[in-house]
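Enquirer: Here you go, one structure.
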Amino acid sequence: MEYVIKTDRLTKRFGDFTATNEITFEVEKAEIFGFLGANGAGKTTAMRMLCGLSIPSSGTATVAGFDVYKQTEEIKRNIGYMSQRFSLYEDLTVQENIRFFGGIYGLSNREIKTKGEDLLEQLGLKNEAKKLVASLPLGWKQKLSFSVAVLHQPKIVFLDEPTGGVDPVTRRQFWDLIYEASAKGITVFVTTHYMDEAEYCNRISIMVDGKIEALDTPANLKSQFKASSMDQVFYQLARGAKRSD
Amino acid sequence: MEQFINFVKKEFAHVWRDKKTLLILFGMPVIQILIFGFALTNEVKNSEIIVMDQAKDQASQQIIHRIAASRYFDIQRSVMNNEQMEAAFKKGEIKVAVVFPAGFNESLLHQRKAQIQILADASDPNTASMLTNYVSSIIQDYQNSIDKTAAISYSIVPEIRMLYNPQLKGAPNFVPGVMALVLMLVCVMMTAISIVKEKETGTMEVLLVSPFSPLLVILSKAIPYLILSLINVASILLLSVYVLDLPVNGSVILLFAESTLFIITCLSLGIFISVKTNSQQMAMLISLMGMFLPTVLFSGFMFPIENMPYALQIISNLVPAKWFYLIVKSIMIKGLGFSAIWKETLILGGITLVLLVVSLKSFKIRLA
């Protein structure tokens, strides 16, 4: 099995506070990996370390085969990222956003042109290409944001609560895009608060107070915790949490 | 390089699309120049004046003609007694009056000395002293002119020359001041806000996760504001030359070079503020309180630094705008070259270097 993310006792401390405490896990190529946990459980810190934004305090990790201590530049070239705030420029048009983000991820102008057109076609946004992003409905912004994050065909895409504040139908459509990306071989690392989304993942890990307390497929976790839904699994684990926002 | 140009283009697009920013960027310098040039001027033009000519001789008539011809005064009317004059003062019709005693010409010719009375409404002391100065200088002028035609001088005239600003115009002082102020506001506030805005909307995170180097992110954010600020410098200079009749006496190229240095100072301050704050309001508040006030107070263009307590004089040395103000004044008004301002330039350059290093360092620390 090919692992694109591999961590071993990865830890981040801020002074006395251990945000992420010795987490160890692997993510396979093209897997959709759900990263769950209550607010303050340490998800964001872990994700920042994997994206090369934050240097770990101890432990080891590789992302796309590169070391998170020394090869952050190489990591950045091989990942895509989408945050809960959609990360598009509202005062730029759809096309300008595609051009800009394609550019900073190192695509040439020619690549941006062809890939950008494919993308507009695929999303059915051809007629909106010259409209400001601010005028698009939330669901469209999200899809566009995701498509922009994978435009340069990264090995892994990190999604930080990508579907916050969106209705279930749009959420379902958004997940179609995620499956498509996964089918193309892109690994998806996603954090979420929605338990219906957790069910869509291949495997999920649940963090409590900086530690990974459970890691398996949704079906296995449900039988392990004798629960009928992921909601119940999550509450059983999160009830013991000492810290929150 | 292609990426970098793309990024700069995107920054320009942000500025163009935001009409409010555009208005602040280009409207502010124009409005400030016009306000300082015409409304806040400490020149007094067309003041109502009364003359009481009890002499009615050649000398008094000639002086009255000169007063009438001056653009500082409008002769409201002539009165013949003190009561009328007093009434006009009380009603606020006039600010100043000139009284020629009877036999004015006579005593000037024979005793080579004559008296003249200037009365001013000193409830506004600044205006009063300004107006009496104007009147005395007109009288002085007249004295000089009769001195030339006569073999012997009529009185001793102290020579007063106002260096660099013979007409005591207000404009020379404030144009360099407004330049410092506008650049400070535009560069510091706009860069700080544009970077913090990306933090607020979450796009900064994406930029940092991308392979695009963080230093280039900062650089491409700063470059559009450098260019826009240089346009502002040009527009301020054009306004001052063509609207306020204030020529640039020194080298324009040197002036632009020094302005670029000061703009870089301001940009590094803007970056520093943006690293330390997390919301646009906060960035704006700090820029205004932290930059605008010291610039107005300590650059020397509104309040003379020489009159301040010693401690404040020392503090004023830390304000970059003070040095820029001195530099611009030297180039623009005194027409001096680089040899006269290298010290100020060196100090400004030093401050810039420190700010640049500190702000880039703190930007990196935030990343780790």
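What follows draws every value from the coordinates through simple rules; no lab data is involved. Everything quoted here is computed from the prediction, not taken from an experiment. Virtual Cβ from ideal backbone geometry, glycine too; neighbours counted across all protein chains shown.
Enquirer: Given the rule -39500 (n - 2.57) for each run of at least 4 DSSP H residues, summed and divided by the residues of the protein assembly as shown, what is its mean residue ellipticity at 222 nm, to the nearest 500 deg cm²/dmol?
Expert: One gets -16500 deg cm²/dmol as the mean residue ellipticity at 222 nm.
Enquirer: Further, regarding this structure: Can you tell me the relative contact order of region A:90-153? Whole percent, Cα pairs under 8 Å, sequence separation 6 or more.
Expert: For region A:90-153, the relative contact order is 49 percent.
Enquirer: If one computes the Cα centroid of region A:86-147 and of region B:185-252, what distance in Å separates the two points?
Expert: 27
Enquirer: Where a ≥ b ≥ c are the square roots of the eigenvalues of the C-alpha gyration tensor, would you call region A:90-153 rounded, which needs a/c under 1.5, or, failing that, prolate if a/b is larger than b/c, or oblate?
Expert: prolate
Enquirer: OK, next. Given a Förster distance of 30 angstrom, what is the FRET efficiency for residue A:22 paired with residue A:74, based on the Cβ-Cβ distance and rounded to 0.05?
Expert: On the way: r = 25 Å, r/R0 = 0.83.
For R0 = 30 Å, the calculated efficiency reads 0.75.
Enquirer: Let me confirm one metric for peptide A:88-95, namely the mean number of other chain beta-carbon atoms within 10 Å of its residues' beta-carbons.
Expert: Details: counts 4, 8, 3, 8, 4, 2, 0, 0.
Per-residue shielding by partner chains comes out at 4.
Enquirer: What is the calculated FRET efficiency for residue B:38 to residue B:102, with r their C-beta to C-beta distance and R₀ = 45 Å, to the nearest 0.05?
Expert: It comes to 0.60.
Enquirer: So for the pair residue B:285, residue B:26, with labels modelled 7 Å out along Cα→Cβ, what separation do we get in nm?
Expert: 3.2
Enquirer: Shape call for region B:247-305 from the C-alpha gyration tensor, a ≥ b ≥ c root eigenvalues: rounded (a/c under 1.5), prolate (a/b greater than b/c) or oblate?
Expert: It is oblate, given that a/c is not under 1.5 and a/b is not larger than b/c.
Enquirer: For helix B:338-367, report the angle its Cα long axis makes with the longest principal axis of the Cα atoms of chain B; keep it between 0 and 90° and round to the nearest 10°.
Expert: 30
Enquirer: Starting from the Cα of residue B:2, step 7 Å toward the Cβ, then list every residue of region A:94-113 with an amide N under 14 Å from that point.
Expert: A:99-113
Enquirer: Sticking with this one: For region A:54-71, what does the Karplus curve 6.51 cos²θ - 1.76 cosθ + 1.60, with θ = phi - 60°, yield as ³J(HN,Hα) per residue in whole Hz, taken in order and with x for Gly and Pro?
Expert: Coupling constants for region A:54-71: 9, 7, x, 7, 7, x, 10, 7, 10, 10, 6, x, 10, 6, 6, 7, 9, 10 Hz.
Enquirer: How much length would be gained if the chain were fully extended between residue A:111 and residue A:60, taking 0.36 nm per residue of separation minus their Cα-Cα distance, in nm to one decimal?
Expert: Residue separation times 0.36 nm, minus the Cα-Cα distance, leaves 14.8 nm.
Enquirer: Report the one residue of B:287, A:55, B:82 whose Cα lies farthest in the direction of the positive end of the charge dipole of the protein assembly as shown (charges on C-beta: Lys and Arg +1, Asp and Glu -1; origin at the Cα centre).
Expert: A:55
Enquirer: Between helix B:125-149 and chain B, what is the angle of the helix's C-alpha long axis to the longest principal axis, kept within 0 to 90° and rounded to the nearest 10?
Expert: 60
Enquirer: Give me the distance in nm between label points sitting 7 Å out from Cα along the Cα-to-Cβ direction at residue A:67 and residue B:46, one decimal.
Expert: Using points 7 Å along Cα→Cβ, the separation is 8.0 nm.
Enquirer: Provide a whole-number value for the mean count of partner chain Cβ atoms within 10 Å of the Cβ atoms in peptide B:2-14.
Expert: Counting other chains' Cβ atoms within 10 Å and averaging over B:2-14 gives 4.
Enquirer: Counting only C-alpha contacts under 8 Å and six or more residues apart, can you give the relative contact order of region B:216-368 as a whole percent?
Expert: Reported as a whole number, the value is 34 percent.
Enquirer: Could I ask something else about it? Distance in nm between label sites at residue B:256 and residue B:313, each 7 Å beyond Cα in the beta-carbon direction?
Expert: Each label point is offset 7 Å from its Cα along the Cβ direction, giving 3.8 nm.
Enquirer: Treating the beta-carbon of each Lys and Arg as +1 and of each Asp and Glu as -1, no other charges, what is the dipole magnitude of region B:47-149 about its Cα centre, to the nearest 20 debye?
Expert: Its charge dipole is roughly 200 debye.
Enquirer: Taking the Cα centre of the protein assembly as shown as origin, sum charge times position over the Cβ atoms of Lys and Arg (+1) and Asp and Glu (-1), and report the length of that vector in debye to the nearest 20. Provide the component values of the computation, followed by the final result.
Expert: Values: 60 positive and 55 negative charges, 120 e Å.
Using only the charged Cβ atoms, the result is roughly 580 debye.
Enquirer: Order of A:201-212, B:55-66 by packing, highest average Cβ count within 10 Å first?
Expert: Listed from highest to lowest mean packing, they are A:201-212, B:55-66.
Enquirer: For residue B:340 and residue B:140 in the same chain, what is the full-extension length gain: residue separation times 0.36 nm, less their Cα-Cα distance, in nm?
Expert: Here the answer is 68.5 nm.
Enquirer: Continuing with the same structure: How high is the relative contact order of chain B, in percent, with contacts defined as C-alpha pairs under 8 Å that are six or more residues apart?
Expert: Values: 461 pairs, mean separation 64.2, N = 368.
It rounds to 17 percent for chain B.
Enquirer: Could you work out, residue by residue across A:75-81, how many beta carbons of other chains sit within 10 Å of that residue's beta carbon, and then give the average as an integer? Mind showing how you got there, number by number?
Expert: Details: counts 2, 6, 2, 1, 3, 3, 6.
Shielding by partners across A:75-81 averages 3.
Enquirer: Expressed in nm to one decimal, what extension gain is obtained for the pair residue B:9 and residue B:354 from 0.36 nm per residue of sequence separation less their Cα-Cα distance?
Expert: 121.3 nm
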